[in-house]
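Beneath this line is the structure, given in structure tokens, with notes to follow.
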Amino acid sequence: MSEIPLSKIADPKAHYGSGGTRQFIWQRVSGALNILFLIFFVWFVVSLAGADRAEMLAVVRSPLVAIILTLLVVNVAVHMRIGMNEVIEDYIDEGPLNQLARRANAAFAILVVLLTVASIAKILFWS
């Protein structure tokens, strides 16, 4: 086994390793943000309880609410993709099936974001 030079390990700009640390940190950061978004989401659901359609649209049309909902959806999708990648890495051996599962996972996360952001944009601009 060849040794990796210490200068490469000590360089913070070098991409040493598999990127697992980066995913670990992003998983924790997105999880912490999900806790903050949960507070917003509880307020959002409770404030819309018993409201009619016009009141619901008025709340979602607020630019601040629309931005926070969009950020919530993106954050949840990132958290979901990273978590499912961990499951795929743990339970599917390296190979073509692993790559297919990881690509399908990324495609699903992107699809979820695109559909929900398009739905929020439709409510915000066209309803």
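The values are calculated or read from the model by the stated rules, or taken from the named source; none is laboratory data. Quick caveat: nothing in here was measured; it's all calculated off a predicted structure. All Cβ positions, even for glycine, are placed from backbone atoms using ideal geometry, and neighbour counts span all protein chains on display.
Residues considered: Val45, Val65, Val59, Val87. Of these, the only one that is without any contact (Cβ under 8 Å) to a residue 12 or more places away in the chain, under 26 Å from Trp126 (Cβ atoms) and β-branched (Val, Ile, Thr) is Val45. Among residues of segment 106-127 that are under 30 Å from Glu86 (Cα atoms), those with a Cβ under 8 angstrom from a residue that is surrounded by 11 or more Cβ atoms within 10 Å (Cβ to Cβ) and modelled with pLDDT under 95, sequence gap 6+ or separate chain, pair up as Ile120/Val60.
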